[in-house]
Amino acid sequence: MRLSLIPLILASLLAGCSNTARYSSGEAYATARDVMDLPLSIDAEIAKATGVEPHLRFPAKIGVARIVNGTLTLPSPEKVDLFAGLAERHQALGGFEAVSPLIAGMLTDEAGYRNDTVNVVRSIRLGAARQHLDYVLIYEAGARSRQSDTPFALADIPLIGAALLPTRSIRVTGIGQALFLDVRNGYAYGNAQAMTDLSGLATSFGAGRQRDTLRDKAAIKVTAALIPEIEAMLAKLLAAARS
């Protein structure tokens, strides 16, 4: 049964863009009962993992955290403009503010663990808490290429992105992933994904500044493709909070 699902999963990932939103109770999941009204068995570790509840409240203070190669990085001015447009269109969500890598890094050091890929989400939550933010939108914008000698090979998505490969018809695939978290309890309210063709940007490149410029253009294009999916996800969560 598991093997039969693989083609369906791959097809959904390669479809390009998607978003999901969740607002279900962890307690209800842990105490679910079967059709005979008997409690479903659940491992203690799994029961503990369900022990967070959604608490959506809008307007809210929302942090924006950009991850590059597993490290929290400030968004570029072009990407800030993209999120500013989203905030302007949906003022009921509240305000958006970048999560400071400096603050997050300082608190990570105080907590006694490394600011690496494993702990970057924890670091982001700590920094967002120090900035008194309610939720945080974590996103990555990178690429996958069938060729190892392109500048996009340096922009792979290691943390929240799926392990995607370019399709046969697209030489370089831009991939954007986003995750919307509750800063206080870590509840994951939703995620978004977008894919876009970057082959046109990869026709030629050089070294140094030209390579960096090409990567920046690619990241901006991927982020622009991701914004509508983030917007749709947040709209669903806004509707859930109001219901």
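What follows is calculated from the coordinates using simple rules that are stated; it is not laboratory data. Quantities reported herein were computed from a predicted structural model and do not represent experimental measurements. So basically every Cβ, Gly included, is an ideal-geometry build from the backbone, and we count neighbours across all protein chains shown.
Quick one: net charge of residue 188's neighbours, Cβ under 10 Å, K/R +1, D/E -1?
0
Per residue of region 22-37, in order, report the coupling 6.51 cos²θ - 1.76 cosθ + 1.60 (Karplus, θ = phi - 60°) as ³J(HN,Hα) in whole Hz, putting x for Gly and Pro.
Once rounded to whole Hz, the list reads 9, 8, 9, 7, x, 5, 5, 5, 6, 10, 4, 10, 7, 5, 8, 6.
Please list the non-local residues whose amide H lies under 5 Å from the amide H of residue 190, H modeled 1.01 Å from N, same-chain partners needing a gap of 5 or more.
Those lying under 5 Å, H to H, from residue 190 are 22, 180.
List every residue whose amide H lies under 5 Å from the amide H of residue 68, counting only residues 5 or more places away in sequence or on a different chain, with H placed 1.01 Å from N in the peptide plane.
73
Whose amide H sits under 5 Å from the amide H of residue 60, counting only residues 5 or more places off or on another chain, with H placed in the peptide plane?
Counting only residues 5 or more places away or on other chains, the set is 94, 95.
Sort 121, 35, 64 by Cβ crowding within 10 Å, fewest neighbours at the top.
If I rank by nearby Cβ atoms, fewest first, I get 35, 121, 64.
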